[in-house]
1. Test B:Arg209 against the stated conditions and say whether it is over 27 Å from A:Ala280 (Cα atoms), away from chain A (no Cβ under 12 Å), surrounded by 14 or more Cβ atoms within 10 Å (Cβ to Cβ) and not β-branched (Val, Ile, Thr).
2. With A:Leu121, A:Leu72, A:Leu102 as the choices, which residue is loosely packed, with under 12 Cβ neighbours inside 10 Å and modelled with pLDDT of 80 or more?
3. Of the residues B:Leu283, B:Leu243, which is modelled with pLDDT of 80 or more and within 14 Å of chain A (Cβ to nearest Cβ)?
4. Where residues in the stretch A:254-263 are within 7 Å of chain B (Cβ to nearest Cβ) and free of Cβ contacts under 8 Å to residues at least 60 places away in the same chain, which of them is surrounded by the fewest Cβ atoms within 10 Å (Cβ to Cβ)?
5. Any residue at all in the stretch B:259-267 that's more than 14 Å from the chain's Cα centre (by Cα) and at the interface with chain A (Cβ under 8 Å from one of its Cβ atoms)?
6. Here are the criteria: (1) modelled with pLDDT of 70 or more; (2) over 28 Å from B:Ser278 (Cβ atoms). Tell me which single one B:Leu22 does not satisfy.
7. Return the residue satisfying two criteria in turn: it lies in the stretch B:168-189 and is modelled with pLDDT under 90 and under 21 Å from the mean Cα position of the chain (by Cα), and of such residues it is farthest from the other protein chains (Cβ to nearest Cβ).
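The values are calculated or read from the model by the stated rules, or taken from the named source; none is laboratory data. Treat the numbers as computed from the prediction; the structure is a model and nothing was measured. Every residue, glycine as well, gets a Cβ built from its backbone with ideal geometry; the counts of neighbours run over all protein chains shown.
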Amino acid sequence: MTAFLMRRLAAMLPTVLGITIVAFLILNLLPHDPILIWSGEGPPPSAELMQRLREELRPDEGPLARYGEWLLALARGDLGRSIKDGRPVGAVVLEALPWTLLLNLCAVLAIYGLAIPFGLLGAASPGSAADRLGLWTLLALYALPSFAAALLLQQVFAVGLGLLPLHGVTGPGEPLSPAGRAADLARHLVLPTACLALSGWAYVARYARAVFRTVLAREYIAVARSKGLTLPRAFRHVAANAAIPFVTLVAAIIPGLIGGSVIVEQIFSWPGMGRLYLAAVEGRDYPVVMGLTLMSATAVAAGHLVVDLLYLAVDPRMRESLLRGAADA
Amino acid sequence: MPDRASEGSGRTGLAAGVLLALAAAGACAPLIANDRPILARVHGRLESPALGEIPFIGHILSRSGPAALDWSAPGPEVRVLISPPIPYSYRGIRLDEALLPPGRKHLMGTDILGRDLLARLIHGIQPSLIIAFGATALALLFGACLGTVAALRGGLADLLVLQAVQVVSCFPPLILAMAFVAASGHGGLLPLVAGISLSRWTGIARFVRGEILKERSGDLWAAAWSTGASLPRLATRHLLPLLAPPLLVMAAFGVAQSILIESGLSFLGLGVEPPSPSWGAMLAEARGSLGVAWWAVLFPAAALMLVLGSLCAATTDHPAHGGAENVGRTASG
């Protein structure tokens with residue numbers, strides 16, 4: 001097991017190195033004066049700001065030397081300092097990280113928790129009117145951008161019905177008891193989670209329906225059903241077999257979730273990494289943009305690793321072959 | 001089980017039809033919604049100020065007439081012969097008509113500056129489509145070239161392309177586009193096109209590479225090779241035509257994804273610059289009147305959903321069949 005993990009980590013190294021190269025290229029190799037680009041369009045920057053920008057961008061050195069130095073600093077865990085307030089990028093990001101993790105975790109739970117029952121319902125009666133209606137709904141939701149969905153939901157639930165808060169993470173008023181604070185946070189989580197989960201949910205639900213249909217059409221299910229097995233019990237047999245394709249889907253929805261976080265966090269004033277990223281892009285805070293771009297891609301690469309490990313957890317055949325492969329190696 | 005080939009060509013046709021209809025609506029926007037007439041007689045001469053606003057065609061057709069003529073309050077020398085069905089422009093600000101609900105005068109109501117929403121919706125197609133088509137074309141070119149080179153050259157080239165595809169697809173598309181737009185500094189369409197295409201070429205390269213490798217072991221390859229065709233000729237004359245129909249479907253899906261990223265960027269204020277309308281930017285503006293004007297949110301959202309939905313329906317397996325093999329993942333979630 002450890003050997004497998006080590007091998008997978010080693011195989012990730014070229015990808016991570018590639019990610020640093022791509023991030024560096026995108027942000028550095030355009031034929032403009034970097035100081036001019038990153039100092040923004042507003043009033044001329046102060047001397048102190050120019051000094052900080054020079055320190056971060058080092059326009060006099062060649063790109064290769066800059067990349068080398070940046071990579072060395074990165075290896076030490078140094079992401080540079082924010083141009084805006086001079087704080088280390090690592091600290092700025094760490095502040096926002098828990099909020100984004102919370103939001104994305106809730107979104108993943110919502111996606112799977114709602115998509116799988118929906119898929120099962122559709123697969124139980126393929127071709128029925130309810131099934132077809134469900135499929136068209138899924139297509140419509142899949143095509144609805146998260147920001148459009150967010151505005152519609154805000155319009156209905158926050159402004160129209162007044163059931164849920166419009167944005168932010170805490171309600172106004174007195175400091176509450178711990179339980180009250182948790183309930184307050186949960187209320188603030190509902191709308192952002194729904195928007196972030198929306199298109200991923202439509203995607204997974206459609207996938208779930210197709211998977212369950214294939215599995216339910218297998219011969220052993222037909223035999224078991226003909227011997228009097230009820231549908232709910234049949235689903236229990238199907239679940240283990242259907243789990244494997246869902247594991248791959250985790251990797252497929254992560255990039256969308258990270259990109260969606262930028263938009264959803266901005267709309268709902270959620271103090272996470274997505275909002276930080278947009279603020280950095282708008283405020284031309286080069287080190288923060290660089291650090292977060294790098295992190296988002298690394299998170300996706302790490303997601304692939306997690307998927308591999310999940311495979312081991314759900315598929316005994318895979319475990320067998322991989323571990324034997326490790327023993328051979 | 002329907003015949004796969006006919007189903008495939010049907011999907012290609014549907015995808016092409018949706019794209020063409022959109023392009024036509026986008027190009028004809030000045031004729032559909034405009035505060036200037038399509039045809040008018042000025043001093044006994046026929047003028048068509050609306051036609052002149054169509055890109056490319058307008059430059060050729062429109063004469064250097066009285067361009068400075070104020071069409072909002074035309075004098076007695078002007079006789080309007082044909083006016084557009086929607087007599088409003090996307091930039092006509094009328095504060096006294098701000099936030100009017102949908103009615104006979106404004107079918108979709110007006111926004112916070114009193115601009116007709118329907119006119120803005122129709123005019124919003126064009127910038128989005130130019131960016132989406134541009135980004136998709138760039139991605140197709142780049143992806144097809146790299147995929148072909150990887151498959152035909154093999155060895156180190158193949159390894160490098162595959163590694164590049166893997167690395168770039170780790171970046172969330174919206175993040176990649178935002179980083180590129182930030183680094184390119186100034187506005188304009190070009191950074192948007194390039195920034196969006198950055199994330200769109202990988203799937204195409206992977207597909208082209210795989211198909212060519214598959215063809216390589218087939219009869220077509222042997223036949224062409226035996227006639228003495230060179231590698232570039234093989235690639236351009238024999239392989240690419242074979243790949244064109246599935247590539248068109250991928251391109252239509254790419255256009256949908258590009259529109260999604262573009263509207264996301266415009267929503268965040270990093271995309272198309274005002275006053276030029278974009279559906280994403282319209283929704284961002286509608287945030288200002290949330291709770292007062294539901295129409296400012298509903299119509300742009302519905303338009304986006306309709307366009308993206310029909311493109312997705314044309315490019316993924318028909319939802320009524322319940323297929324789930326998708327070409328890619330949505331960009332901004």
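1. Numbers: over 27 Å from A:Ala280 (Cα atoms): yes; away from chain A (no Cβ under 12 Å): yes; surrounded by 14 or more Cβ atoms within 10 Å (Cβ to Cβ): yes; not β-branched (Val, Ile, Thr): yes.
So B:Arg209 fits the description; yes.
2. A:Leu72
3. B:Leu283
4. A:Gly256
5. Within the stretch B:259-267 (the criterion being more than 14 Å from the chain's Cα centre (by Cα) and at the interface with chain A (Cβ under 8 Å from one of its Cβ atoms)), the answer is yes, since at least one residue qualifies.
6. Just one mismatch for B:Leu22, condition (2).
7. B:Leu189
The rows are residues; the columns are (1) more than 10 Å from chain B (Cβ to nearest Cβ); (2) over 16 Å from A:Ala96 (Cα atoms); (3) among the aromatic types (Phe, Trp, Tyr); (4) buried (at least 21 other Cβ atoms within 10 Å of the Cβ).
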position	(1), (2), (3), (4)
A:Ile244	yes, yes, no, no
A:Ala252	no, yes, no, no
A:Glu265	yes, no, no, yes
A:Glu282	no, yes, no, no
A:Pro287	yes, no, no, yes
A:Gly291	yes, no, no, yes
